[in-house]
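As structure tokens, the structure follows; a few thoughts come after it.
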Amino acid sequence: MFSGLVAAVGQVRAVRRHGRGATLEVACTLGGEELRLGESVAVSGVCLTVSGLLAGGFSADVSPETLARTTLGRLPDRARVNLERALRLADRLGGHFVLGHVDATTRMLAVRRSGDFVVQRVALPAALAGEVAEKGSVAVDGVSLTVAALGAGWFEVAVIPTTLSATTLGERRDGDEVNLETDVLAKYTRRALARGGSRIEALWADFDDAAD
């Protein structure tokens, strides 16, 4: 589990295909104790297991499912990626609970500057609309963000200068593909309500309509 607070930005050395899967090699410098084999690292929001230790970085195996459902299979060499090590029980939780299980890839619809901030409008797949709420949390490329505005097929986030400089979000432009993970609490709430019967399902539908 992660918090969505990016620890460092690494650089892709290579994406080596083998069969239907791949091995991702990342150059990085992460603070704290040295990386260990088997450790979990979120790479642009995707939870991966360290399978190899390299000079100045690490490698991780990427399954066909992950390649298909995230942007990792389409990263070019030297692409920059957000990195976060898994939480420890004693860590402060400054973001929100992020699992590193990407729900969908989506697109930046618009990126505009508003003073020192950058407002990013992100396409919201219809299947995930019920799991995103105004003032709720989302993870975009592994970065914990607060939903500032919500509409039919989109949501907006206002990215602060610190986040722009410390993550890859400052590099995003209109049309760029990003990984999206909705709040895990919203997932379980939605499922629990859906299993509660037709009356609760109707209430949830009303909630979705109001959010739109």
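Throughout, read-outs are computed from the coordinates displayed, never taken from laboratory work. Everything numeric here is computed off the predicted structure, so don't read it as measured data. Positions of Cβ are backbone-derived with ideal geometry, glycine not excepted, and every protein chain shown enters the neighbour counts.
Summary table below
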| quantity | calculated |
| --- | --- |
| Relative contact order %, the chain, counting alpha carbon pairs below 8 Å whose residues are six or more apart | 22 percent |
| Cα centroid of the stretch 126-161 to Cα centroid of the stretch 1-54, whole Å | 25 Å |
| Crossing angle, helix 198-211 versus the chain [Cα axis fit, 0-90 degrees, rounded to tens] | 70 degrees |
| Share of Cα-Cα pairs in the stretch 104-211 lying beyond 15 Å, as whole percent | 63 percent |
| Stokes-Einstein D (µm²/s) once Rh is taken as the Kirkwood radius of the chain over alpha-carbon pairs, at 37 °C in 0.692 mPa s | 184 µm²/s |
| Three-way shape call for the stretch 8-85 based on the alpha-carbon gyration tensor, with the a/c threshold at 1.5 | prolate |
| Net charge of neighbours whose Cβ lies under 14 Å from the Cβ of ALA27, counting Lys and Arg as +1 and Asp and Glu as -1 | +1 |
| Within the chain, helix-based [θ] at 222 nm, where runs of 4 or more DSSP H residues each add -39,500 (n - 2.57), nearest 500 | -5000 deg cm²/dmol |
| Mean projected area in nm² (Cα convex hull; one quarter of hull surface) for the stretch 66-131 | 7.1 nm² |
| Of VAL111, VAL41, VAL81, the one that fluctuates the most in a GNM where the chain has Cα springs shorter than 10 Å | VAL111 |
| Cβ-based charge dipole, the chain, positive-most Cα from VAL143, LEU72, ALA7 | LEU72 |
| Gain in span if fully extended, LEU53 to ALA152, counting 0.36 nm per residue against the direct Cα distance | 31.2 nm |
| Only Lys, Arg (+1) and Asp, Glu (-1) charged, at Cβ; the chain dipole about Cα centre in debye | 380 debye |
| Of the GluC sites (Glu not before Pro) in the stretch 34-107, those whose Cβ has at most 14 other Cβ within 10 Å and which sit in DSSP loop | GLU34 |
| DSSP-assigned coil residues among trypsin sites (Lys or Arg not before Pro) in the stretch 70-161, each with at most 15 further Cβ atoms within 10 Å | ARG78, ARG88, ARG92, LYS135 |
